[in-house]
Each structure stands twice: as C-alpha cells, then as structure tokens.
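Visitor: Here it is, the structure, as structure tokens.
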Amino acid sequence: MKTRPIQQVSHSTRRPAPARWFALPLAAFLLAGSPLLPVSVPSVKAEASATSAEAQQSAVQEPVLQSLTMDINGRQESIPGAVPPNGETTYVAIRPLSEKLGLEVAWDPQNETSTVAGRNVTLSTKVADPEPYIINGQKLYGTAPLLLDGTTYLPVDFFLDTFGYTSVTDGTAGITAVAPLSLNPPTITAGVIDETTGKLEFHIQYPQIAGFADSAVQDKVNKTIQAEVNRIAEASRKDLEKAGDSGRSVPNGYTVHYFVTQNSGGKLSLYLQSYLYTGGAHGMPARVPLTFDLSTGDTLTLQQAAGNNPDYAAVINKLVKEEFANQEMVLAPFESISGNQPYFLRNNDIVVYFEPYEYTAYAAGFPEFTIPQSVLE
C-alpha cells in the first residue's frame, strides 16, 4: 500500500466577497470554494458570483469519466468516477457508491437536489446552487459538485470523510480500500446566531451535540463550544462597532462556520472558521480548534492527542520542516510549533496548521500538515 507519512494541504482563505446589498429582492450568489457560508437575506454577492462562475466552469470543463475500483466490505466494486482536466480532484458518482455503502439516497426533481443519509449524517447537494451543500442543517460551500448525464458526482474524499469512512489506495493495483470508522453516538446539529441587518452581515453557525448517553459529558462539550462562540462573537461585535458603518455597497461583516473533522473512536474534533471583513481588499479568516475526549468531555492538548509522547514536538517539527521546503509563498522559515499549537484530528491522525501570514502569504490560506499517529507511537 502506498501511503504518505505526512500530507500537506493548503486551505484557501478565499471566500465570497462580502454581500453587495440592494433594495430590490434579488437572488443571492456565493462562491464555490473550500470554506463555508450561509444565505439569509435578499442580496447580491456580485464579486463572489463572478468568482463562483469561474471556479465552477473550471471544475466542470470536459471532465474525464473513469471507473474507480473500490474494496468495500471485502468485495471489489467498480464505481463511476470523473476527473477534471486539472486532475486535482477525483469525483465519484454518489448514488452507486452510497448504495454499495448501505446509505440511503433520494433525488428531488423539483428542487434538483440529491440527499444521502446514514451514519448520523444527512448531506443534501444542489449542483446549481453556489452554496451546494447542506450537512446536518449547516449550509456550506466547497469544491463544486458535478452533474454529468443526470448523475451527481462529489469529490470522493469529501464524501467519504463526511460519512465517516477511511480510504487507502494501493497505487500499484489501483484499488481503494474503503472502511467505516467507529462513529461516536452523538448527533451533531447546527446552532445559529443571526444578527444580520441591512447594513451589516453577522451570521454564526456552530455545532451542538445531542443524543449522548452521558448527559453530563454532553453538556460539558456543548458549554465549551458555546463559550468559544460567545467569546469570538463578542470580540467581532467590538471590531465591527469600531469599524462603524462602511458607507459602501459592500457592508462590513462577520461569519462563522464549523468543520467536524473527526467524530469517532471516542474523540470529537472540530474547528470554527470565521471571516471578519471591515473594508479593504479582503477580510481576515481565523480558526478556533477544539478536540474533546468524549469519555470525560475534556478538551485535549496537542501532547495528549499525541499519546503523551514526550518527544511529540520534535517529531512534528521534523516532519513539518521537511514539508515546508516544498511550501510556496513562504514569508518566514519554519523552526518549531508553538506551545499552544492549534491542531485537529482527522481519522485519528493529527493535523497541525498555521494561520495566514504566520509563515506564508495570505493566498496560501491555512497550510495544514497531517502527522500519522504511527510516527508518534
């Protein structure tokens, strides 16, 4: 099997331009990118829609159809797939894959929306929508889906991650082994704070867990998340108050979305991603990561997540420094992770990341480095 000991991914800071507000109730348009955002009030996000059109046109331009060989439940299955000309993303037809995985699939022809449900997750996809995804009530944008010959295709990694599956590809045999993670009992739903007005965009989506047998742990986790949400909301309100009325067609604003990166093996890991705009060429994104031990409801430090390995920092530094040699738009050389280095878990591996401008230019987004647990044991 071919696996990489460390994977570096750059999540773009690019986000929809702040809303352009008009008196007429026109349709809302948003970017198809890598982070997330909601639609709530009549508005036109003109710059974003232009970028969205470019992004989606690039994504769907003459994709090459191909069969993906997957090992599912010990059987090799041929699943329809597609690869755009740039080859950066592999797509999979969601109905055939869902049926092989035992997930429920439905198509709403009136709204042109496909819905896949199972394993405590409901994912709705509307290809024509610039914000094509809704996951457990949270409306998101991301890499644009494809609609080919009446079949919806999604990025295969995104689809498998969303429903809690791991995948390992044997590059020689061309076979991807797909296996389910042991998901935690809680269901994750979206809480919302919406203080949007005619002159200001303020919309926060945050996770809350429900259905956990231990109500004390559930309350502890939810209170920790709520405290972080309240903290960043209050700080952003002060920033927006200080900035005042933009006096422009582009209002100031603050938005927050959440990403659940792991909900298995007794661990819940996620991050809140915010975007503050108070004028200028672009706003500033930020993240707040939280990883919980669901046996206690406590948050885990990076060293605890690394199995309390006393040499965890040295191991991570070595691997990240090697990958930084290939990183573009570097502003400063990487020397060491910080004492409170932000991280999250994905498939039990540790992902450390860095903020825009910390080591790289704004356009590089949040450089992410995946550290396999195996190198920390």
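The values are calculated or read from the model by the stated rules, or taken from the named source; none is laboratory data. Values in this document were obtained by computation on a predicted structure and should not be read as measured data. Every residue, glycine as well, gets a Cβ built from its backbone with ideal geometry; the counts of neighbours run over all protein chains shown. Side chains included, ligands, DNA and RNA excluded: accessible areas come from the protein's heavy atoms. Shrake-Rupley method; radii C 1.70, N 1.55, O 1.52, S 1.80 Å.
Visitor: Can you tell me the length gained on complete extension of the stretch K321 to L148, counting 0.36 nm per residue apart and subtracting the Cα distance?
Guide: On the way: separation 173, 0.36 × 173 = 62.28 nm, distance 4.15 nm.
My answer for the length gained is 58.1 nm.
Visitor: Can you work out the accessible area per residue across the stretch 224-377, with the rest of the protein chains kept in place, probe 1.4 Å, in square angstrom? Walk me through the intermediate numbers first.
Guide: Working: 6600 Å² over 154 residues.
Per residue, the stretch 224-377 has an accessible area of 43 Å².
Visitor: Using DSSP to call loops (not H, G, I, E or B), can you name the chymotrypsin sites (Phe, Trp or Tyr not before Pro) in the stretch 292-358 whose Cβ has at most 15 other Cβ atoms within 10 angstrom? Walk me through the intermediate numbers first.
Guide: Numbers: sites: F292, Y312, F324, F334, Y343, F344, Y353, F354, Y357; in loops: F334, F354, Y357.
Here the sparse-neighbourhood loop sites are Y357.
Visitor: Over the stretch 149-218, consider all pairs of different Cα atoms and compute the Kirkwood hydrodynamic radius from their mean reciprocal separation; express it in Å, one decimal.
Guide: Details: mean 1/r = 0.0616 Å⁻¹.
Result for the stretch 149-218, one decimal place: 16.2 Å.
Visitor: Contour minus end-to-end for N73 and R287, with contour as 0.36 nm per residue of separation and end-to-end as the Cα-Cα distance? Kindly include the intermediate steps, with their values, before the conclusion.
Guide: Working: separation 214, 0.36 × 214 = 77.04 nm, distance 3.66 nm.
Contour length minus Cα-Cα distance gives 73.4 nm.
Visitor: Points 7 angstrom from Cα along the Cβ direction at T224 and E104: gap in nanometres?
Guide: 3.2 nm
Visitor: Hey, another quick one. Which whole-number value in Å³ per residue fits the convex hull of the alpha carbons of the stretch 168-262? Mind dumping the intermediate values first?
Guide: On the way: hull volume 14.9 nm³, N = 95.
Spread over its residues, the Cα hull of the stretch 168-262 gives 157 Å³ apiece.
Visitor: Just list whichever of K100/K139; K126/K199; K199/K242 have alpha carbons separated by over 18 Å in the model shown. Each step should come with its number before you reach the end.
Guide: Details: K100/K139 26 Å; K126/K199 29 Å; K199/K242 15 Å.
Where the Cα-Cα span goes over 18 Å, the pairs concerned are K100/K139; K126/K199.
Visitor: Moving on. Any chance you could check the Cα centroid distance between the stretch 210-234 and the stretch 164-200 for me, in angstrom?
Guide: 20 Å
Visitor: Calculate the FRET efficiency for R248 and N111 from the Cβ-Cβ distance with a Förster distance of 51 Å, rounded to the nearest 0.05. Provide the component values of the computation, followed by the final result.
Guide: Details: r = 34 Å, r/R0 = 0.67.
So, using R0 = 51 Å, E works out to roughly 0.90.
Visitor: Between T301 and T122, 0.36 nm times their residue separation minus their Cα-Cα distance comes to what?
Guide: On the way: separation 179, 0.36 × 179 = 64.44 nm, distance 3.03 nm.
So the extension gain works out to 61.4 nm.
Visitor: Be a star and scan the stretch 94-123 for residues whose amide nitrogen sits under 17 Å from the point 7 Å along the Cα-to-Cβ vector of T189.
Guide: 118-123
Visitor: Something else about it: Roughly how many whole Å is it from the C-alpha centroid of the stretch 244-260 to that of the stretch 288-361?
Guide: Centre-to-centre distance over Cα atoms comes out at 28 Å.
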